[in-house]
Amino acid sequence: MSDPISLTVNGQPQTVRAEPETPLLYVLRNDLGLMAPKFGCGLGQCGACTVHMDGVAIRSCATPVSSARGTRITTLEGLKRGSALHAVQQAFIDEQAAQCGYCINGWIMTAAALLEANPHASEDDIRRGLSGLKCRCGTHLAILRAVKRAASRMAAERRT
């Protein structure tokens with residue numbers, strides 16, 4: 001039997017009916033209509049399903065919805081600040097870092113969490129932080145440029 005589960009997603013309180021072990025990804029996509037997190041591998045290995053749980057990048061395909069109770073979930077749809085895109089989103093556009101777009105959710109969400117925690121991340125920090133993600137189109141160099149651009153922008157914003 002499905003239980004009502006209260007969540008906060010992109011700043012909005014939500015209540016869904018789901019089995020506690022249902023992957024958070026399924027609830028986000030099927031119940032709440034949020035299409036940015038994608039089903040890739042279903043094992044938490046590729047990163048296409050990445051969302052933030054209390055600011056930490058997690059794989060929503062491998063996270064039961066019951067573990068999201070009492071946390072803040074942010075998807076790519078909720079990443080922007082007001083009407084402005086998040087620095088990472090804007091940098092991906094500026095660097096034309098997306099090709100097919102399927103995996104881009106994982107890269108942006110992982111990079112955003114990384115840079116929120118460490119806005120002065122070095123190239124090595126960025127490479128390590130993004131190392132578990134998969135892109136089959138081969139845009140890794142453009143992605144790296146985009147994250148470095150976002151890091152510079154975020155560091156400059158914190159100085160002002």
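Observations, loosely collected:
- Any hit, the range 70-77, residues being of a type outside the set (K, R), within 23 Å of Q12 (Cα to Cα), more than 15 Å from the chain's Cα centre (by Cα) and surrounded by fewer than 15 Cβ atoms within 10 Å (Cβ to Cβ): yes
- Among the candidates R128, R158, R149, residue that is modelled with pLDDT under 95 and of a type outside the set (V, I, T): R158
- Here L79 qualifies as within 25 Å of A150 (Cβ to Cβ) and either among the hydrophobic types (A, V, I, L, M, F, W, C) or outside the structural domain of R149 (by TED's automatic domain parsing) (or both).
- Within the range 8-38, tally of residues that are in a loop (DSSP other than H, G, I, E, B) and over 20 Å from A112 (Cα atoms): 6
- Close contacts from the range 95-106, counting a first residue that is closer than 20 Å to A57 by Cα and a second that is among the polar types (S, T, N, Q) and not in a loop (DSSP other than H, G, I, E, B), with Cβ to Cβ under 6 Å and a gap of 6+ residues or different chains, come to G106/T50.
- Residue check, I93 surrounded by fewer than 22 Cβ atoms within 10 Å (Cβ to Cβ) and closer than 30 Å to H140 by Cβ: yes
- Scanning the range 125-160 for residues that are of a type in the set (V, I, T) and within 19 Å of T50 (Cβ to Cβ) yields I126, T139, I143, V147.
- Condition met for G42 (within 13 Å of the chain's Cα centre (by Cα) and not assigned by TED's automatic domain parsing to the domain that holds C135): no
The values are calculated or read from the model by the stated rules, or taken from the named source; none is laboratory data. Please read all numbers here as calculations on a predicted model, not as lab measurements. No Cβ is skipped: glycine too gets one built from the backbone with ideal geometry, and neighbour counts run over all protein chains shown.
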